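The values are calculated or read from the model by the stated rules, or taken from the named source; none is laboratory data. Keep in mind it's a predicted model, so treat the numbers as computed, not measured. As a convention, Cβ positions derive from the backbone with ideal geometry for all residues, glycine included, and neighbour counts pool all protein chains shown. These accessible areas exclude ligands, DNA and RNA; they are computed on the full protein's heavy atoms, side chains included. Shrake-Rupley method; radii C 1.70, N 1.55, O 1.52, S 1.80 Å.
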Amino acid sequence: QVQLVESGGGLVQAGGFLRLSCAASGRTFSNYAMGWFRQVPGKERVFVAAIRWNVGRYADSVKGRFTISRDNAENTVYLQMNSLKPEDTAVYYCAAGYPGILESSNEYAYWGQGTQVTVSS
């Protein structure tokens, strides 16, 4: 069993930055692929970024602006978000699992409670 706790969300102006953190419990953190997804009210949860081993993958909408990283010693995964845009406003969720397809939310076994990111124009 893995528990995930996100932090670092907040309100920021367009062009600004935030760093989200996701702290995981469990001794096998390094074995999991870790993903970030986001969701706005009334829409599906969508893929943002994921990291498996030390290889990151990104949605086209955030490529070049967001960076995912992990610290296995601290059982933490990060999402550095730069050049934020109003359309990045969403609840951001951290996920862990062994997905065959990193972009598929259905393939992650564990989820955090989410953290709100709001980007003002």
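Inter-part distance, the stretch 21-42 to the stretch 68-116, computed on C-alpha centroids, equals 5 Å. Along its first, second and third principal axes, ordered by size, the stretch 4-61 spans 36, 24, 22 Å in Cα coordinates.
As a fraction of the 1.4 Å probe accessible area of the chain, surface on carbon and sulfur atoms comes out at 48 percent. Tally Lys/Arg at +1 and Asp/Glu at -1 over every other residue whose Cβ is under 9 Å from the Cβ of Phe47; what's the total? Cβ neighbours under 9 Å give a net charge of +2.
Applying both filters, DSSP loop and at most 11 other Cβ atoms within 10 Å, to the GluC sites (Glu not before Pro) of the stretch 34-121 gives Glu44.
Between Thr28 and Ser7, the simple spin-label model (points 7 angstrom out along Cα→Cβ) gives 2.7 nm.
Thr28 exposes around 60 Å² of accessible area when a 1.4 Å probe is run over every protein chain in place. For the chain, the solvent-accessible area with a 1.4 angstrom probe is 52 square angstrom per residue.
Under Stokes-Einstein, with the Kirkwood radius over Cα pairs as Rh, the value for the chain at 10 °C and 1.306 mPa s is 113 µm²/s. Gain on full extension, evaluated as 0.36 nm per residue between Lys43 and Lys85 minus their Cα-Cα distance, stands at 13.3 nm.
Taking all protein chains as they are arranged and a probe of 1.4 Å, the heavy atoms of Val55 leave approximately 100 Å² accessible to solvent. Between Lys63 and Ala14, the simple spin-label model (points 7 angstrom out along Cα→Cβ) gives 2.3 nm.
Taking trypsin sites (Lys or Arg not before Pro) in DSSP loop states with no more than 16 other Cβ atoms inside 10 Å as exposed sites, the chain has its longest site-free stretch at 66-121.
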